[in-house]
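J.: This is the structure I have questions about; it appears just below.
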Amino acid sequence: MRAALAPGVRLLRALPRDSRYRGLTLVLTFLSYTSYHLSRKPISIVKSQLHPNCSALGPNPHNDSNSTTWCSWAPFDGDNYKELFGALDNAFLVAYAIGMFISGIFGERLPLRYYLSGGMVLSGLFTALFGLGYFWDIHVLWYFIVVQACNGLVQTTGWPAVVACVGNWFGKGKRGLIMGIWNSHTSVGNILGSLIAGAWVSSAWGLSFVVPGIIITTVGIICFFFLVEYPEDVDCSPPLHHVMTTSEKDPEAVTSNEGPLSLSAQSSVDHSNSPKEPAEELEAISFLGALRIPGVVEFSLCLLFAKLVSYTFLYWLPLYIVNVAHFGAKEAGDLSTLFDVGGILGGIFAGLISDYTGGRATTCCVMLVVAAPMLFLYNHVGQNGIGTSIAMLIICGALVNGPYALITTAVSADLGTHESLKGNAKALSTVTAIIDGTGSIGAALGPLLAGLISPTGWNNVFYMLIAADVLACLLLARVVVKEARGWCGPMARQRGY
């Protein structure tokens, strides 16, 4: 007697073919970028083990020195260990920012599946090499800096590739909400990376890097075997980027990247949606061509300042909580994760609102405007009590990371399939790389500026963050005006003007 078909298989068979492949793409790309962030997190966990408080462990068992750093890992056992840790961080961030500008160009000209899988395998290799320094007893600073810089370069393969894959499968109408939820991979990766690295940090810190390196390599191999780049490759229907018909009631039928479409645009059909015109027949867009797409420059510069604020919180928030609220290091670290929780909520909220209104830039601008006074309030009253601190951290995380998440996901995908490209889908990776690469410059500058300004007082650090938020908002002013005009046009026609 044969058993009934498994419930999960019955569910999959009940789903339309397109939905099955879209779901597979979402899951694989989510796991991919989760593993990227999982492999980036160990360095922040292991720092405390590379230069611990040796006096708390008792006398030096070697009896060859009275040094209070006998348990530290050279070359991080000197008084300049903070500067050396900063050098490790900047080696990764600067290499990442530089590499991102060229990564998207390669991504458009190579199969995304090969590019993403190869990048993940290389990322796993360099992540593991950092940890192997423990087992090989390496104490040369340049080894760790070179490995970090190489890791920063190869990790640039991730973001343009996963955004391009998701953008190829999902149309504009629900893209903001879907990508807002999907973008939680960043926080999931950070949390998992902290837990995995923490499991071995005290016993053998090298495993805190080797194990994440194995994980990202494994996920990369899985993507190589199962990832589908384009719907046309498996005879699925391509998404509706700019197909406009009067019978459509979905929001994507009445809005475009910069507000409602004109009547002429509503009658046009994006020929890239026809399987008869495969994407391979079109040439990949050039770097300068991507810059000419309306909105790319504005959103790129906006992300520079938005990411500056976000990464400053990422690297300095635990220390700020320790210094101002006088919590212990563990409690401060746990409390700082609430900023990431707020970021998840902010990304989902920003995507949902921008889908409903059709105004990506306006959504970002409003959140940035509100974020500035909230940052001021958090600095002045956010540490008055644990309840206040929790609430303020979640609110600030939502307002700071909401625009950041929206720009790096839905906005990048929108601009990579902009109607000015006339159906050329081979721009997603380049556009995403330009936007995130520009933002990564801010990610490198923010923690650096905070380190230089913090000795003058935390108030000045927050003034710098508020100024960056205001500049990010101002840089979107032109796109916001275009969206407003797009909304006003149909309203005027309805009133008979």
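J.: With θ taken as phi - 60° and the coefficients 6.51, -1.76 and 1.60, list the Karplus ³J(HN,Hα) couplings across segment 192-207 in order, rounded to whole Hz; mark glycine and proline as x.
T.: 5, x, 5, 5, 5, 5, x, 5, 10, 4, 8, 9, 8, 4, x, 5
J.: Still on this structure, please answer the following. Which ³J(HN,Hα) values, rounded to whole Hz and listed in residue order, are derived for segment 400-408 from phi using the Karplus coefficients 6.51, -1.76 and 1.60 in 6.51 cos²θ - 1.76 cosθ + 1.60 with θ = phi - 60°, glycine and proline given as x?
T.: 7, 8, x, x, 4, 5, 5, 5, 6
J.: Could you order the peptides 308-319, 195-206 from most to least packed, using the average number of other C-beta atoms within 10 Å per residue?
T.: Details: 308-319: 22.5, 195-206: 16.8.
With the highest mean Cβ count within 10 Å placed first, the list reads 308-319, 195-206.
J.: Let me know the volume per residue of the alpha-carbon convex hull for segment 79-173, in Å³.
T.: 113 Å³
J.: Return the sequence-ordered ³J(HN,Hα) values of segment 127-135 in whole Hz as given by the Karplus equation 6.51 cos²θ - 1.76 cosθ + 1.60 applied to θ = phi - 60°, using x for Gly and Pro.
T.: Once rounded to whole Hz, the list reads 5, 5, 4, 4, x, 5, x, 5, 6.
J.: Next question, about the same structure. Between beta-carbons, use under 14 Å as the cut-off and find the net charge around Val188, counting Lys and Arg +1, Asp and Glu -1.
T.: Net of charged neighbours comes to +1.
J.: What does the convex hull of the Cα atoms of segment 100-248 come to per residue, in Å³, rounded to a whole number?
T.: Measuring per residue, one finds 125 Å³ for the Cα hull of segment 100-248.
J.: Filter Lys47/Lys307; Lys41/Lys307; Lys47/Lys82 down to the pairs with a C-alpha to C-alpha distance above 21 Å, please.
T.: Distance filter (> 21 Å) returns Lys47/Lys307.
J.: So, one more: Add +1 for every Lys or Arg and -1 for every Asp or Glu among the other residues with Cβ under 15 Å from the Cβ of Phe126, and state the total.
T.: My count for the surroundings of Phe126 gives +2.
J.: Using packing as a proxy for protection, rank 131-138, 45-52, 79-86 so that the peptide with the highest average count of other Cβ atoms within 10 Å comes first.
T.: 45-52, 131-138, 79-86
Read-outs throughout are calculated quantities, based only on the coordinates presented, and are distinct from any laboratory measurement. This one's a predicted model, so the numbers in the text were calculated from it and none came from an experiment. Note that each Cβ is placed from the backbone with ideal geometry, even for glycine, and that neighbours are counted across all protein chains shown.
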